[in-house]
Amino acid sequence: MKDKQNENIPNWTQELKTSPFNEAPFTQEMMNSVLKRSIINPTPSGSKHKNIYRATTAGLCTVIILGLIWIIGPSLWNNNTTSPASQPAVLQVDWTPRSTDITTDGNTKLEVIPGGDYNAGSPAGSWWNLYVPVETLEGQIIRITALHKESGMQIEELSPTTVTSEMAYDQFTKVSSRFALPLSGLWKFDVYVGDENLGDVVIDIPDSSWEPSPEFKSGVYMMTGVENRLAFIHPPIQAGQPNKYMWHFWGRDEELNGELRITAVKQNSFDIIDVFEAKLHPSKLNGADAAIPTTMSLPSSGLWRLMVSIDGQLFGSVIVKVQ
């Protein structure tokens, strides 16, 4: 996350990290000279010696202060700057919730219509209405990115997709996406056609329930998760102790064939941790359409949301209580 924020820091802040001196600000020779003088004249007397002593002390203090500014200054500026140009992109966004983007003359450019019960951690589906005739967009590539306000996380809501004539709807173009957001809070969605930003919307994603996911029986085993979607067989989860867990998935073969990634977020946190990665293939087992053995570990006790993505798309999530 820090790497993404650092991309937005302007070049001039990087220059602050370089030394203001052409050479080292406080060399070994300078140190030896100061120590030698203090030994030879430990208690200077007379106005001339006092002036020399004061000048030496003042010069030494100045060098030390400049050296400290060189060392710690950039970190202070980078962390506490009030210059709009140096703020991360997330702080420069208009975060007013809005489901439509309106032109300056009052026309609607685009609109998003999420699925009815959308919340964090589960795909809900959505329609994106682009108020441009499909003939204008046909053959071009559309993609949608999403930026999370609280964490600065950026994800791909819609991977690059070619606009086709089947997306025509009256006088506008209709595109669907999974609308699967891992975290609650404000998300800004940018819609791109080719390299052009067509517009943006901001949606406040509600949090899902943090009740531990229920158990159900599939085949001869009891599993924890979402029936007919995803679940796993597991012993009690102990914080910091890796263990083996057999995950099961239900869906079409094309949904269940790709790079599997399991991440986790703790209740009242926006920090997502990596848990497990592997290649997933359809393979029927215990009544499910695909299954895979995993090794997982969660670092602390409490409620955790385990989120499963396949080829970068959120497939679903399971809430577990870690002892």
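The values are calculated or read from the model by the stated rules, or taken from the named source; none is laboratory data. On a predicted model such as this, the values are computed, not experimentally measured, just so you know. Cβ atoms come from the backbone with ideal geometry, glycine included; neighbour counts cover every protein chain shown.
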LEU314 vs. criteria touching a strand residue (DSSP E or B) at 6+ places or on another chain (Cβ under 9 Å) and modelled with pLDDT of 95 or more:
no
Counting only residues that are of a type outside the set (Phe, Trp, Tyr), under 16 Å from GLY316 (Cα atoms) and under 28 Å from the mean Cα position of the chain (by Cα), which one in the stretch 228-245 is surrounded by the fewest Cβ atoms within 10 Å (Cβ to Cβ)?
ARG229
Go through LEU181, LEU260, LEU186 for me and flag whichever is within 30 Å of ILE142 (Cβ to Cβ), touching a residue at least 40 places away in the same chain (Cβ under 8 Å) and assigned to a loop (DSSP other than H, G, I, E, B).
LEU181
Being of a type outside the set (Val, Ile, Thr), more than 24 Å from the chain's Cα centre (by Cα) and either part of a strand (DSSP E or B) or outside the structural domain of MET246 (by TED's automatic domain parsing) (or both) is the filter here; which residues of the stretch 281-320 pass it?
LEU285, ALA288, ALA290, ALA291, PRO293
Checked the stretch 111-162 for anything over 30 Å from ASN268 (Cα atoms) and under 16 Å from the mean Cα position of the chain (by Cα); matches are none
If ILE141 passes every condition in (1) in contact with a helix residue (DSSP H, G or I) (Cβ under 7 Å, 6 or more places away or on another chain); (2) aliphatic (A, V, I, L, M); (3) over 24 Å from TRP95 (Cβ atoms) but one, which one does it miss?
(1)
Scan the stretch 138-150 and give yes if some residue there is within 27 Å of ILE319 (Cα to Cα), out of contact with any Asp or Glu (no Cβ under 9 Å at 6 or more places or on another chain) and surrounded by 15 or more Cβ atoms within 10 Å (Cβ to Cβ), otherwise no.
yes
Conditions (1) more than 17 Å from THR224 (Cα to Cα); (2) assigned to a loop (DSSP other than H, G, I, E, B); (3) at pLDDT 95 or above; (4) of a type in the set (A, V, I, L, M, F, W, C) -> ALA278 fails only (2)
